[in-house]
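The values are calculated or read from the model by the stated rules, or taken from the named source; none is laboratory data. Quick caveat: nothing in here was measured; it's all calculated off a predicted structure. Note: accessible area is taken over every heavy atom of the protein model, side chains too, but ligands, DNA and RNA are not part of it. Shrake-Rupley method; radii C 1.70, N 1.55, O 1.52, S 1.80 Å.
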Amino acid sequence: QVQLVESGGGLVQPGGSLRLSCTASTPIYTLNPMRWHRQSPTKGRELVATITSGGNTNTADSVRGRFAISRDNVKNVVYLQMNNLKPEDTAVYFCNAWDGARDYWGQGTQVTVSS
């Protein structure tokens, strides 16, 4: 069983920045890919960013140029750096990983962008 724990969410003003962390209970080189999703009442659920074990990354059109996904294989942490946040980024952000057999999900962390 893989446990994923997100942290770093909170309240931020438009234009501000947050860094989300997803800490895995297993070495993250065994998890491929790892992803960040978000869910909101207005937008539903959407894929935000993906990182593979080889380091390839992809971000959604809505966040490209503002968000970046990265990983630390020593700490077993995947990050989502969020810059120039907009009110429409408000959502619960979930970490997701595939271990070769099933998907695992974190509990989610709330990000609220408001003035």
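Structure notes:
- Share of carbon and sulfur in the accessible heavy-atom surface of the chain [1.4 Å probe, %]: 46
- Relative contact order of the chain, defined on C-alpha pairs under 8 angstrom at six or more residues apart (%): 37
- 3J(HN,Hα) along segment 94-102, derived from phi through the Karplus expression 6.51 cos²θ - 1.76 cosθ + 1.60 where θ = phi - 60°, amounts to 10, 8, 9, 9, 10, 9, x, 10, 7 Hz, with x in place of Gly and Pro.
- Within segment 27-115, antiparallel bridges make up roughly 95 percent of the DSSP beta bridges whose residues both belong there.
- Segment 32-85, Cα convex hull volume normalised per residue, Å³: 84
- Radius ratio Rg over Rh of the chain, counting only Cα atoms, Kirkwood formula for Rh: 0.95
- Couplings 3J(HN,Hα) of segment 36-52, computed from phi: 10, 10, 9, 9, 9, x, 7, 10, x, 9, 9, 7, 9, 7, 9, 9, 9 Hz, in residue order, whole Hz [Karplus 6.51 cos²θ - 1.76 cosθ + 1.60, θ = phi - 60°; x for Gly and Pro].
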